[in-house]
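The values are calculated or read from the model by the stated rules, or taken from the named source; none is laboratory data. In this text the structure is predicted, and so the values were computed from the model without any measurement. Cβ placement follows ideal geometry from the backbone for every residue including glycine, while neighbour counts extend to all protein chains displayed. To get the accessible areas, we keep the full protein, side chains included, count just its heavy atoms, and leave off ligands, DNA and RNA. Shrake-Rupley method; radii C 1.70, N 1.55, O 1.52, S 1.80 Å.
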Amino acid sequence: MANDEPKKFSDELKALRAEFAEVAEKSKAAVAHLTTAIFKQEMLELRQQQDTVVATFAHHGVLESVGNRDVTILVNKSKDMGNGLNSALGQGIDAAARLRLAAHNTYDMGVSASIFEAGASKSVNISDYDRMEKAREKTEANNKELVLSLREIMVSNTPDKEYTRNRHYVIVSDGSITDSVDAAAKLIEGTLRSNPKATFDFINVGANAGNIHELVAKVQVADEAQRPRIHSAEKAEDIWSTFNAALRTRIGETPYVKPAPVAPAAPQPTAQPTP
């Protein structure tokens with residue numbers, strides 16, 4: 001109409017602001033959706049990465065075969081084992097942490113770690129970086145006595161229990177691990193006799209095997225599949241691959257097979273009343 005007032009420039013600016021506000025609101029929602037999608041994708045990629053690790057020791061690559069078992073890693077803490085992440089001590093603890101990260105929460109595998117010197121073993125929280133760092137600290141002591149730790153293991157495998165889970169004990173050291181070979185052998189025998197699902201593997205780091213071979217030779221077992229085994233890691237950085245290979249062999253011998261689903265029972269016919 002002829003007498004219509006011209007549109008104010010301020011009104012045009014307000015309209016433009018409203019358009020930008022609408023675009024901003026849509027962008028905010030899109031960013032929120034993208035953030036959620038990114039998080040889900042990162043979790044998926046992390047799980048795929050960890051499944052790749054599990055596949056390296058699973059039986060024929062079947063991931064579920066690692067289930068129904070507990071793995072305990074005992075690492076000697078002594079001057080000869082060094083200190084810090086890249087030492088034999090550090091890599092032994094790290095192997096346990098890597099296994100726990102890959103398998104503990106997704107598959108039915110319990111993973112724990114302890115360090116041993118001369119007394120009772122000391123548990124290491126392998127889900128806490130600060131605790132692992134503390135366990136890797138330098139020591140001037142050179143104690144390598146495993147007997148008390150073996151006694152703890154035997155007590156935790158008493159014959160009065162019904163064992164349904166496989167238990168794998170892996171001991172990481174760099175030579176002689178006891179001054180009482182006969183006593184250590186008897187404690188291992190007692191554990192294996194009480195729990196037919198228990199196994200022991202020794203990872204020897206470096207060229208000095210000490211008396212580990214003598215110890216294993218003295219262990220009397222009824223089932224050769226339970227006989228303790230010795231694995232050699234040339235240097236600290238080889239501990240993970242050596243541990244991985246030992247675990248793969250044990251799982252291959254006792255793979256967990258997921259039970260087939262049980263079919264529901266067929267409905268029973270309703271009894272008819274007698275006429």
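Residues that are assigned to a helix (DSSP H, G or I), in contact with a strand residue (DSSP E or B) (Cβ under 8 Å, 6 or more places away or on another chain) and open to solvent by 60 Å² or more (accessible area, probe 1.4 Å): does the stretch 228-240 have at least one?
For the stretch 228-240, residues assigned to a helix (DSSP H, G or I), in contact with a strand residue (DSSP E or B) (Cβ under 8 Å, 6 or more places away or on another chain) and open to solvent by 60 Å² or more (accessible area, probe 1.4 Å): absent.
Considering only the stretch 183-204, how many residues are open to solvent by 30 Å² or more (accessible area, probe 1.4 Å), over 13 Å from residue 146 (Cβ atoms) and among the charged types (D, E, K, R)?
Residues flagged as open to solvent by 30 Å² or more (accessible area, probe 1.4 Å), over 13 Å from residue 146 (Cβ atoms) and among the charged types (D, E, K, R) within the stretch 183-204 amount to 2.
Just the residues that are in contact (Cβ under 8 Å) with a residue 12 or more places away in the chain and among the basic types (Lys, Arg), please, taken from the stretch 210-243.
Answer for the stretch 210-243, where residues must be in contact (Cβ under 8 Å) with a residue 12 or more places away in the chain and among the basic types (Lys, Arg): 218, 229, 235.
With respect to the numbered conditions (1) within 17 Å of residue 70 (Cα to Cα); (2) at pLDDT below 95; (3) open to solvent by less than 50 Å² (accessible area, probe 1.4 Å); (4) of a type outside the set (A, V, I, L, M, F, W, C), which one is the sole condition not fulfilled by residue 210?
Evaluating residue 210 over (1) within 17 Å of residue 70 (Cα to Cα); (2) at pLDDT below 95; (3) open to solvent by less than 50 Å² (accessible area, probe 1.4 Å); (4) of a type outside the set (A, V, I, L, M, F, W, C) leaves (1) as the failure.
Given the criterion of a type in the set (Lys, Arg), in a loop (DSSP other than H, G, I, E, B) and at negative phi, identify the matching residue among 28, 7.
7
Provide a single number: the residues in the stretch 150-186 that are touching a Phe, Trp or Tyr at 6+ places or on another chain (Cβ under 7 Å) and of a type in the set (A, V, I, L, M).
Adding up the residues that qualify gives 3.
Kindly check whether there is at least one residue in the stretch 29-45 that is open to solvent by less than 60 Å² (accessible area, probe 1.4 Å) and in contact (Cβ under 8 Å) with a residue 60 or more places away in the chain.
no
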